[in-house]
Amino acid sequence: MRTITSRKSERVKELTKLHKKSARYAAGHFLAEGPAVVSMASSTQIEELFLTEEFLEEFESFDIPTTLVSAEVMSELCESEAPRGVLALCPLPTSDCSEILSRPGQVIVLDSLSDPGNMGTIIRTAHAAGAAGILTFGSCVDPLNSKVVRSSAGSLFHVPIAQLAGPEVLPRDRAVFVLTGHADMELGPQTISGTDKPIWVIGSEAHGISDTWVSGKWNFTQMRIPMAAGVESLNAAVSAALCLYSQVI
């Protein structure tokens, strides 16, 4: 087993480059940290494990090349403030838009979502609700951002995610619901009754849905979540959960 004890190791420098989005996509790899996150991955989704000594026994069943690192090296490799001693080098996922849209189940489209915590929570919720996958549109936060990966609690390894070129790619025979606070129709059992495999479009935290989705060019159903007077909006992750579970429960 290889051992790394120096923060200045060339291997450490190479891996920490993956903290940047451009480097991740150039190298074709990303990092996943934490025992709970890494344990959710299959052996085919991990190329190499980096462990501190306390986690060697816990992950010995993983038939994956493993490197033992010091606590100081692990701190250098991880972006969290208090790393737990487990890091995985993973190949980039290969899902595409057409694959996700052909799968059974609901689809979430995220329009320029910027908060990593919200992105990770939506991935986790989509996994729990059995969704077909997630499509990102516009200037979304990178789904492989370390904060997204951590907040997904490992569900990132089970929910396909791909970039959506535009609304024109969506199947014409699928119901597309665009969440906006100005819609006349309210989310509820009656409004989505009989709808098969809906596609939900959820906007950014600060600006909501972009004009692309409400321009009138597309025959999409605009919908709002009912709220008490004086409440401007809900958190994007909460909105996604309400939409997904309006079909499940």
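Read the figures in this text as sums done on the coordinates, not as results from a lab. On a predicted model such as this, the values are computed, not experimentally measured, just so you know. Virtual Cβ from ideal backbone geometry, glycine too; neighbours counted across all protein chains shown.
The stretch between residue 27 and residue 72 holds 13.8 nm of extra length on full extension. This uses 0.36 nm per residue minus the Cα-Cα distance.
Per residue, the average separation of C-alpha pairs within less than 8 Å and at least 6 apart gives segment 97-248 a relative contact order of 29 percent.
Net charge around residue 97, counting only other residues with Cβ within less than 12 Å of its Cβ (Lys, Arg = +1; Asp, Glu = -1)? Walk me through the numbers before you get to the answer.
Values: positive: 103; negative: 96, 99, 168.
With Lys, Arg at +1 and Asp, Glu at -1, the neighbours total -2.
Inter-label distance, residue 114 to residue 139: 0.7 nm, where each label sits 7 Å from its Cα along the C-beta direction. Antiparallel DSSP bridges in the chain: what percent, to the nearest 5? Just about 30 percent of them are antiparallel.
Beyond 24 Å between alpha-carbons counts as too far, so tell me which of 13/147; 147/217; 147/197; 21/147; 21/217 fall in that bin. Cα-Cα > 24 Å for 147/217; 147/197; 21/217; rest within. Working from label points 7 Å from Cα in the Cα-to-Cβ sense, the residue 53 to residue 81 distance is 2.8 nm. For the chain, set up a GNM with springs between Cα atoms under 10 Å and report which of 53, 205, 232 has the largest fluctuation. Maximum fluctuation in the GNM of the chain, among the listed residues, is at 232. The distance separating the Cα centre of segment 157-198 from that of segment 209-229 comes to 10 Å.
Across segment 62-70, computed HN-Hα scalar couplings (Karplus, 6.51 cos²θ - 1.76 cosθ + 1.60, θ = phi - 60°) run 6, 7, 9, x, 10, 10, 7, 10, 6 Hz from first to last residue, x flagging Gly and Pro. The modelled label-to-label distance for the pair residue 102/residue 61, using points 7 Å beyond Cα in the direction of Cβ, is 3.4 nm.
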